[in-house]
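Student: Please see the structure below; I have some questions.
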Amino acid sequence: MSTRLIPPQTKDAMSSDERRARNLRLYHEEQLESGFSDQGLLVDVWPFLKPQKAWLSVALGAVIATAGLSLIRPLIMLWAIDESIKTGDPAVMMRGGAAFAGVAILEQLIGFVQIYATQVVGVRAMADLRLYIFKFLGSLPLAFFERQPVGRIVTRVTNDVDAMQELFSSGALNALGDLISLVGVVIMMVSLDFKLSLIGFMAMPPIAILVFVVRRRARDAFRSIRGETARMNANMNEQVSGVALIQAYGRQRAMSGEFDLINSSYRDANIRSVKYDAIQDAAIDALSSVSLAAIVIALGYHAASFGTVVAITSYLRQFFDPISMLAQRFTLLQAALAGAERVFGLLRVEQRDAPTQAAGSDGDSSWAMELSHVNFAYKPETPVLHDVSLSIAVGQRVALVGPTGSGKSTITALLLRLYELSAGTVRVFGQDVSTLERDELRRKFAVVPQDVFLFPGTLADNISADETPDLERVRRVIEELGVADLLLNRPEGLLTQVRGGGSNFSAGERQLIAFCRALYRDAPILVLDEATASVDSQTEARLQAALNKLMEGRTSLVVAHRLSTIVNSDTIVVLQQGRVVEQGTHDHLLKQNGLYSLLYRLAFAKEQTQVLLDDPSSTDASA
Ligand SMILES: Nc1ncnc2c1ncn2[C@@H]1O[C@H](COP(=O)(O)OP(=O)(O)O)[C@@H](O)[C@H]1O
Ligand SMILES: [Mg+2]
């Protein structure tokens with residue numbers, strides 16, 4: 001019996017491991033744009049190189065000059081040796097040596113200029129590229145980021161651009177110099193001694209084949225390296241941001257298993273690339289020695305002057321040097337191209353935020369917010385909102401209620417046009433949101449979201465949400481909301497630094513900060529999404545009074561869970577599974593005896609005692 005039990009068990013264990021590996025791979029899968037041509041990538045890079053034209057020409061000039069100078073050196077040797085043998089004058093050798101040294105030093109000087117100029121071009125162009133990518137990311141719709149792990153995006157801006165920069169720091173332009181010297185060397189050798197040169201060139205065809213074969217594989221290896229780097233960064237990022245939860249649930253082992261899988265693929269891809277590099281180097285070296293040996297053998301049957309022999313062998317070395325360098329640079333080029341593919345693949349994402357449309361027929365501007373027949377889905381397969389219509393008049397207080405996942409937060413996101421609708425229209429003060437500039441639209445709103453995000457900066461920066469906080473006003477806002485004792489109890493007060501997306505503030509404190517932010521903004525529409533869910537009922541009661549004042553003279557949409565907020569609203573909209581099922585005043589809805597009255601009686605009735613405490617009129621005594 002045990003023999004029957006064990007095999008399926010091991011099989012299951014294996015397949016679960018495989019399943020995990022596959023899931024991990026699927027999660028990190030990138031739809032890499034294919035069909036990039038090398039020339040196409042060059043066209044993409046050019047706009048970033050163009051501003052560096054001056055440095056680029058200096059570098060090019062220097063490359064050509066050094067290549068030319070290197071061709072002169074063996075000629076000097078040839079002249080000095082043959083002349084001194086002919087004349088027996090040691091002064092000839094002296095002059096030859098001096099000229100040789102002079103040329104060599106000049107070559108190095110120009111070489112310095114060339115390396116410096118190329119690096120400057122690369123560093124500047126890549127800095128521009130990084131800034132461009134960063135700005136581009138800012139123009140992408142929210143939906144794009146929900147499909148991309150953060151680490152992957154970061155990798156594009158950092159590591160992938162670095163791979164491109166490597167091309168410059170390794171002296172990519174030298175490839176041109178290499179080519180020039182190669183052609184020059186061939187011409188020189190052929191004109192010095194045609195037959196000897198031909199013997200030397202016999203190594204060419206095998207090298208060409210080798211480079212051709214290695215090229216493709218090296219590029220594949222570099223693609224894997226770049227892909228694995230992105231995966232690794234994405235994985236690290238998620239594990240570090242979730243470290244509290246990972247530790248709390250003892251998931252460290254599973255997590256390091258995942259990391260290990262990615263790390264191993266990264267290592268293997270690196271090993272592959274190193275292998276191709278080594279094969280290429282060794283093969284070229286071997287071929288160059290064989291050529292030299294062939295020339296030595298040929299000399300037994302072929303007469304040439306001593307100077308010619310010295311010059312030819314010296315050119316032969318100069319012949320293989322650029323070939324070997326070219327092959328190495330080719331590898332680097334493959335690495336850079338693998339990075340470029342990813343960077344420009346991102347930049348080609350046809351997902352820029354939908355453009356602002358031409359103003360169409362405006363609706364009635366006495367409605368502050370209006371949704372008509374709105375359908376919406378985050379992912380095409382799973383619709384979230386179905387034919388939602390609701391109108392909120394200027395100055396009204398509207399409560400949005402409904403079970404978790406019914407689409408309340410989604411409606412607030414659509415009002416701000418954070419996502420594009422599948423069908424229907426959203427109007428704000430009578431204007432279709434797709435015809436408004438995003439900034440203009442969003443200035444009309446002050447939002448206290450469900451998940452408060454604090455950005456890097458001080459507490460004051462976070463409340464003012466713009467570059468230069470008016471500290472006086474920030475302080476007034478805090479006073480008005482009556483939360484100074486809760487927010488300003490740190491030694492640095494308003495200048496307390498916010499760390500790690502606000503992890504040094506509690507969820508409740510973050511919500512209070514979001515309240516201050518909303519009040520500071522002073523916008524005509526107030527949107528509160530379960531804004532007091534994380535504060536205790538005493539603090540909430542304090543906030544309630546301030547909130548009532550905040551809502552005065554403004555239109556407000558409140559996603560509420562507390563009865564007190566709901567009951568006092570002008571209109572209550574009840575949402576269920578993405579549909580508006582009821583709409584009206586508290587009394588009206590109670591009479592309807594539908595979902596609202598059910599929710600009211602079941603869940604909210606429990607709160608009755610709480611309501612008495614929270615009711616602003618009953619808190620007067622404590623205030
Ligand atoms: N960014 C998102 N991507 C995909 N689905 C989402 C996203 N945000 C919310 N949803 C889904 O949309 C539905 C409505 O969510 P939401 O509007 O947040 O509900 P509520 O705020 O009423 O609790 C839920 O089923 C949720 O799973
Ligand atoms: Mg919500």
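Nothing in this text is a laboratory measurement; each read-out follows from the coordinates by a stated rule. Since we're looking at a predicted model, the values are computed, not measured. No Cβ is skipped: glycine too gets one built from the backbone with ideal geometry, and neighbour counts run over all protein chains shown.
Student: Roughly how tilted is helix 2-28, in degrees to the nearest 10 and between 0 and 90, from the longest Cα axis of the chain?
Tutor: 90 degrees
Student: Percent of Cα-Cα pairs more than 36 Å apart in region 28-347, please.
Tutor: On the way: 18358 of 51040 pairs.
More than 36 Å apart: 36 percent of the Cα pairs in region 28-347.
Student: Which lysines, if any, have their Cα less than 30 Å from the Cα of residue 408, not counting same-chain residues under 8 positions apart?
Tutor: Of all the lysines, those that pass the test against residue 408 - Cα under 30 Å, at least 8 places apart if same chain - are 379, 444, 549, 591, 606.
Student: Another question, if that's okay. Relative contact order for region 28-347: what is it in percent, counting Cα pairs under 8 Å that are at least 6 residues apart?
Tutor: Working: 314 pairs, mean separation 100.1, N = 320.
Rounded, it is 31 percent for region 28-347.
Student: What shape does the chain have by the C-alpha gyration tensor, where a ≥ b ≥ c are the square roots of the eigenvalues, rounded means a/c under 1.5, and otherwise prolate means a/b greater than b/c and oblate the rest? List each step's numbers first, then the result.
Tutor: Working: a/c = 3.22, a/b = 2.51, b/c = 1.28.
Prolate.
Student: Further question: May I ask you to sort 527, 296 by Cβ crowding, counting other Cβ atoms within 10 Å and putting the fewest first? Please list the in-between numbers first.
Tutor: On the way: 527 24, 296 12.
Taking fewest neighbouring Cβ atoms as first place, the list is 296, 527.
Student: Report the full-extension gain for the segment residue 251 to residue 146: residue separation times 0.36 nm, less the Cα-Cα distance, to one decimal in nm.
Tutor: On the way: separation 105, 0.36 × 105 = 37.80 nm, distance 2.39 nm.
Roughly 35.4 nm would be gained on extension.
Student: Still on this model: Using only Cα atoms, find the angle between the long axis of helix 204-241 and the longest principal axis of the chain, and express it within 0 to 90 degrees, rounded to the nearest 10.
Tutor: Rounded to the nearest ten degrees, it is 30.
Student: Classify region 380-431 as rounded, prolate or oblate from the Cα gyration tensor: take a ≥ b ≥ c as the square roots of its eigenvalues, call it rounded if a/c is under 1.5, otherwise prolate when a/b beats b/c and oblate if not. Can you show the working numbers first?
Tutor: Numbers: a/c = 2.10, a/b = 1.27, b/c = 1.66.
Oblate, since a/c reaches 1.5 and b/c is not below a/b.
Student: At a threshold of 8 angstrom on Cα-Cα distance, excluding pairs fewer than six apart, so keeping six or more, what relative contact order does the chain reach in percent? Present the calculation step by step, with values, prior to reporting the outcome.
Tutor: On the way: 824 pairs, mean separation 81.2, N = 623.
Result for the chain is 13 percent.
Student: Length gain on complete extension for the stretch residue 488 to residue 522, per 0.36 nm per residue less the alpha carbon to alpha carbon distance?
Tutor: Values: separation 34, 0.36 × 34 = 12.24 nm, distance 2.16 nm.
Roughly 10.1 nm would be gained on extension.
Student: Out of all DSSP beta bridges in the chain, what portion is antiparallel? Express it as a percent rounded to 5. Walk me through the numbers before you get to the answer.
Tutor: On the way: 22 of 39 bridges.
Close to 55 percent.
Student: Which is farthest toward the positive dipole end of region 447-501 among 496, 455, 477, measuring Cα position about the Cα centre, with Cβ charges +1 (Lys, Arg) and -1 (Asp, Glu)?
Tutor: Going by the charge dipole, the pick is 496.
Student: Using only Cα atoms, find the angle between the long axis of helix 174-192 and the longest principal axis of the chain, and express it within 0 to 90 degrees, rounded to the nearest 10.
Tutor: 10 degrees
Student: Related question: Calculate the dipole size of the chain relative to its Cα centre from +1 charges on Lys and Arg beta carbons and -1 charges on Asp and Glu beta carbons; express the result in debye to the nearest 20.
Tutor: Details: 60 positive and 66 negative charges, 287 e Å.
About 1380 debye.
Student: Here is a follow-up. Assigning unit charges at the beta carbon (Lys, Arg +1; Asp, Glu -1) and nothing else, what dipole magnitude in debye, to the nearest 20, does region 28-347 show about its Cα centre? Present the calculation step by step, with values, prior to reporting the outcome.
Tutor: Working: 27 positive and 27 negative charges, 65 e Å.
Around 320 debye, computed over region 28-347.
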